[in-house]
Amino acid sequence: MFKKISLAAFTLAFSATSSLAATDITWWHGMAGRNGEVINEISQKFNEAQSACALTPVSKGTYEEALASGIAAFRSGEQPNILQVFDAGAATIINAKGAVVPAEDLIIKAGHTFDRNAFIDGVRYFYADSEGKFVGMPFNSSAPIMYVNDEALKKAGVEAPKTWEEFEAAAPKLKAAGYIPLVQSQLTWQFTENFFSRNNIQFATNNNGYDSVVDTTLKVTDPNLIMMFDKLKAWKDEGYFAFYGAGWNDNQKVFEEGKAAFWIGSSGSFGGLQKTAQMPFSATFLPYWNAIEGAGTNSFIGGAALFAMSGKTDEENKCVADFFQFLTSPEIQYFYHKATGYVAITKAAYELAQKDGYYKEKPVAEVGIKQLMLPAGDWSKGYRLGFYPQIREIMEREYGRIFSGETTVKDAFDTIEKEGNDLLARFAKTAG
Amino acid sequence: MTTGTERLPATRGGTATDGRRSGALRLFGGKAKGGDEAAKRVQFSSPYLPYLFLAPQLAIIFVFFYWPSIQAIQSSFYLEDPFGFGSTFVGMANYTDVLKSGEYLGIARFTAIFTALVTFFALSIGLLLAVKADGVIRGNASYKTLLIWVYAIAPPVAGLIGMMFFDQHIGPIVELARWFGWDIKVGLNYSDTAFAMIVVSVWKQIPYNFIFFLSGLQGIPVAVREAAAMDCRSGFRRFWTVILPLLAPTAFFLLIINVTYALFDTFGVIDVMVKDKAANNPITLVYKVYMDGFRGNDLGGSSAQSVILMLIVFVLTIFQFRFIERRVHYN
């Protein structure tokens, strides 16, 4: 009896000291709502799974705010161990040599093995350097996919289109059946960046910006891209496409209410849409143009990655590496995939979800990952452009002007290319 | 509530600005009334004592105003990578880049129009309501409370409420306008968004102006009003020739406050109205500083913009004090 009690006391004392001695690491992120809660749950799982490290997640608002806070903190030496940075901000943090410890180096140094091929194709390059070394650890990954209003299709007697040509053929029937054929939620991500990836067209010089920041210029006056927006404008005038401004939800709402036939959203929208959609829906890949040669490649990964900030002790870095390992384990990936709708980033996690029968139950959840696993083209690996959040703002502004009739498509892209190139040149100066 | 309003800066004999000026002296036993000569000649036992009392305030101003301003001026001459690894001196390049940009000048033009309209409507509607509320005898406390409480709403919340009124899908104002054949598209159409921003910003500022104008009106001696009433039958003319000149100090103070409000404090309203994506919507200069600095991580460019903004405010304040205040008579 006494032995038992003393053993229990000893264990208690030991566990108490070990939790006291745990290395604290922090994780700043830009997620809110349900996605923010899931981050807390993952952190809790990590803290329960081991006792050497104690991870504290902190929400910093939006993606942009998280990056700005991370930068401000870094400048004053108060940076967190892990910072979540979104796709458009990747160039800012990766080009700041010395701000981060590449995830791959960190993991190897901590004694783990790292296999790039364990990750699905679409995920592998976006946050990596030009040699393919992982700088950021892909975290919440999404693809722009097309959600389909099943009722509308049945009523109009059409099939979900694979290409924009097929969409053009189906649109009049959908309109006649009383639906808005097409809405979308982010022209920059869905119709610009991923127009280049899905149709396998070069987005910027210097290998889409991966090779160097010096003299990188945009290629947004590409005739195919101009054609895409000419089409969108024409579709809008004919009532085949509706545009409600740059706000994501203003455009999504029309689809949720069952008024639109197709909505281009994010694979990560799936979780929320299940609750809000007032009609049965399915999903398919983001369409491409059949007329463009070599089109139909995979899309860029969207979402955000986790970066290990530099200037931390080896002990803390080891904890970060342990956490990255934990995060990419199939079980956690599967949990995250199911809880949020973001895609699983490793092949093992994808297989686990398949084996578990998840996609039989929820076929929509598989669309994003399948699109990312499509064959890659030369130009579908990613882009690395400095001051890209500002370039996106210029695009948003000009696109708004196109659809409010303040400018023409041609002029809009000339402006975007000119102002965008000015920003890229400016960025090259700051990085040089 | 009545006592509450009477205790506002513009107490009986004084005016808003006088009240502020004598505020510090009041603490040392000076009389509360502005313009009281004795109060202005308070003597301290040691010549350093006043500086000691001022020190905390000066320290705060230095830390939160001068220090960041100096830093902004400094970084406006540099091109810097966001993480602070390297910065290059570029001289005036950040300024010339900004001032050469057609977009920036467009935003500056909108800011000027926006500020003028918001200030004009917020002041005139506030004044109208104050004059009317001042005339109400029965139940005036409840009228005043109803008019004042909007002021308690924080700007982002005001923006959110305004956004709901102007929502493309469910906004009641949008529905109402559709009756008259006007299809308001906030977030899509430049002038519609501008209209919504101005309406919400004005609405938010009216109560503040109302409070000051009302206490200003209550500060006008009854004897003056009665004398004026004997001389002139037209209430409208009496207002223009007697009441308004007596309100001038309050109005001048409010003019400065409202211009500053429209230039800077409407940030929250704008941020909520454009929903984080300015796109082709109108924005003000302050919002542009935020977009380039905090979201675009272009520290040099946004510092140059904030220095330009500082200069604008500086010039505006000098102008107001030199040319408008001359026409204002304090007592």
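No value in this document is a laboratory result; all are computed from the given coordinates. None of the values given here were measured: they were computed from a predicted structure. A quick note on method: Cβ atoms are made from the backbone with ideal geometry, for glycine too, and the neighbour counts reach across all protein chains shown.
General observations
- Taking 19 Å as the straight-line reach from the Cα of B:LYS144, the aspartates and glutamates in range (excluding those fewer than 8 positions away in the same chain) are B:GLU6, B:ASP134.
- Distance between region B:289-331 and region A:311-344 - C-alpha centres, whole angstrom: 47
- By the Cβ-Cβ criterion of under 4.7 Å, the unpaired cysteines of the protein assembly as shown are B:CYS232.
- Helix-only [θ]222 nm of chain B, DSSP H runs n ≥ 4, -39500 (n - 2.57) each, per residue, nearest 500: -19500 deg cm²/dmol
- Springs between Cα atoms under 10 Å define the GNM used for chain B, and in it the highest mean-square fluctuation of B:THR115, B:THR193, B:THR241 occurs at B:THR241.
- Amide H to amide H distances under 5 Å link A:ALA54 with A:THR23, A:ASP24, A:ILE25, where only residues 5 or more positions off or on other chains count and H is placed in the peptide plane.
- Helical content of chain A, expressed as a calculated mean residue ellipticity at 222 nm, amounts to -15000 deg cm²/dmol (DSSP H runs of 4 or more residues, -39,500 (n - 2.57) each, divided by residue number, nearest 500).
- Dipole of the protein assembly as shown, positive end: most advanced residue of A:ILE94, B:MET291, B:PHE321 [Cβ charges, Cα centre]: B:PHE321
- Top of B:LEU58, B:LEU105, B:LEU160 by mean-square fluctuation, Gaussian network on chain B, Cα under 10 Å: B:LEU58
- Counting neighbouring Cβ atoms within 10 Å and putting the fewest first, the residues B:PHE120, A:PHE262, A:PHE413 line up as B:PHE120, A:PHE413, A:PHE262.
- Ascending count of other beta-carbon atoms within 10 Å, so fewest first, for A:MET137, A:MET146, B:MET230: B:MET230, A:MET146, A:MET137
- Beta bridges per DSSP with both ends in chain A, % antiparallel, nearest 5: 60
- Debye intensity ratio I(q)/I(0), log10, chain B, q values 0.08, 0.12 Å⁻¹ (C-alpha model): -0.50, -1.04
- Entries of A:LYS133/B:LYS277; A:LYS219/B:LYS288; A:LYS155/A:LYS219; A:LYS312/A:LYS338; A:LYS233/A:LYS253; A:LYS60/A:LYS253 with Cα pairs more than 29 Å apart: A:LYS133/B:LYS277; A:LYS155/A:LYS219; A:LYS312/A:LYS338
- Estimated at 0.36 nm per residue, the fully extended path between A:SER212 and A:MET227 surpasses their Cα-Cα distance by 2.5 nm.
- A:GLU293, A:GLU104 arranged by Cβ crowding within 10 Å, fewest neighbours leading: A:GLU293, A:GLU104
- The distance from the alpha carbon centre of region A:164-206 to that of region B:237-268 is 52 Å, rounded to a whole number.
- Counting Cβ atoms of other protein chains within 10 Å of each residue's Cβ and taking the mean over peptide B:286-295 gives 3.
- Taken over region A:165-313, the percentage of Cα pairs per 5 Å bin, counting from 0 up to the bin with the maximum distance, is 2, 8, 15, 19, 19, 15, 9, 6, 4, 2, 1, 0, 0.
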